[in-house]
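A.B. asks: I have a structure I would like to understand better, so I am pasting it below and will then ask my questions one at a time.
The values are calculated or read from the model by the stated rules, or taken from the named source; none is laboratory data. These numbers were taken from a predicted model, which means no experiment stands behind them. Positions of Cβ are backbone-derived with ideal geometry, glycine not excepted, and every protein chain shown enters the neighbour counts.
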Amino acid sequence: MTPDQIRLVQDSFHEVLPIRVAAAALFYERLFGIDSGLRALFLASDMPGQGAKLIASLSLVVHGLNCADTILPTVRELAKRHVTYGVKEHHYPILGQALIDTLAAGRGAAFTPAVREAWEAAYVLLASVMIAAAREDQLAA
Ligand code: HEM
């Protein structure tokens with residue numbers, strides 16, 4: 001990611017924060033709209049709490065973009081927990097799509113092509129670290 005892209009992600013994240021409750025609800029609606037089978041993974045969870053966790057973890061990532069090395073251990077542990085939740089590699093692009101769609105709906109015209117590309121780059125980076133960590137964990141098992 002370029003420094004400009006990191007700034008675009010951080011700025012637009014701060015703009016979404018005031019509407020985070022609505023954004024989280026929209027996100028899960030979109031996620032289950034793309035793949036209703038994913039509901040089964042989240043059955044046991046309290047969805048409002050889950051939305052808050054999602055925003056918290058995005059916040060970690062958004063702020064960590066400037067110093068990727070410091071967030072790597074946290075992201076790797078998060079990835080390992082996701083294996084136990086039943087999350088598979090092919091789920092990552094689906095969640096990424098739901099996230100981008102949610103940001104697009106929440107930000108409207110402010111979600112320019114450059115902002116979209118920056119978020120896509122950030123998500124792909126994060127998802128690839130999580131997928132690699134999950135693979136390593138499974139190989140080691
Ligand atoms: C970059 C991508 C992702 C991030 C940053 C993320 C973040 C989180 C966080 C912070 C939690 C709270 C629990 C914990 O810390 O272990 C969580 C739980 C969970 N995530 Fe993710 N997640 C990501 C991708 C995914 C994907 C692709 C799926 C599957 C569609 C998924 C499904 C779940 C489920 C099922 C839970 C547990 C819910 C529960 O029962 O409480 N996540 N995620």
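A.B. asks: Looking only at segment 56-79, which residues are crowded, with 16+ Cβ neighbours inside 10 Å and more than 9 Å from the ligand (Cβ to nearest atom)?
C.D. replies: Val62, Gly64, Leu65, Ile71, Arg76, listed by residue number.
A.B. asks: Six or more apart or on different chains, Cβ atoms under 6 Å: show the pairs whose first residue is in segment 116-135 and more than 22 Å from Ala104 (Cα to Cα) and whose second is modelled with pLDDT of 90 or more.
C.D. replies: Met130/Ala79; Ile131/Glu89; Ala133/Ala79; Ala134/Ala79; Ala134/Val83
A.B. asks: Same structure, new question: Here are the criteria: (1) surrounded by 11 or more Cβ atoms within 10 Å (Cβ to Cβ); (2) within 15 Å of the ligand (Cβ to nearest atom). Tell me which single one Ile6 does not satisfy.
C.D. replies: (2)
A.B. asks: Considering only residues of segment 92-122 that are of a type outside the set (A, V, I, L, M, F, W, C) and closer than 19 Å to Phe42 by Cβ, which is surrounded by the most Cβ atoms within 10 Å (Cβ to Cβ)?
C.D. replies: Among them, the one singled out is Thr102.
A.B. asks: Please specify each residue of segment 91-141 satisfying the condition of being among the hydroxyl-bearing types (Ser, Thr, Tyr) and assigned to a helix (DSSP H, G or I).
C.D. replies: Filtering segment 91-141 for residues among the hydroxyl-bearing types (Ser, Thr, Tyr) gives 92, 102, 112, 123, 128.
Selection gives Tyr92, Thr102, Tyr123, Ser128.
A.B. asks: For segment 66-74, does any single residue satisfy the condition of being more than 13 Å from the chain's Cα centre (by Cα), in contact (Cβ under 8 Å) with a residue 60 or more places away in the chain and part of a helix (DSSP H, G or I)?
C.D. replies: yes
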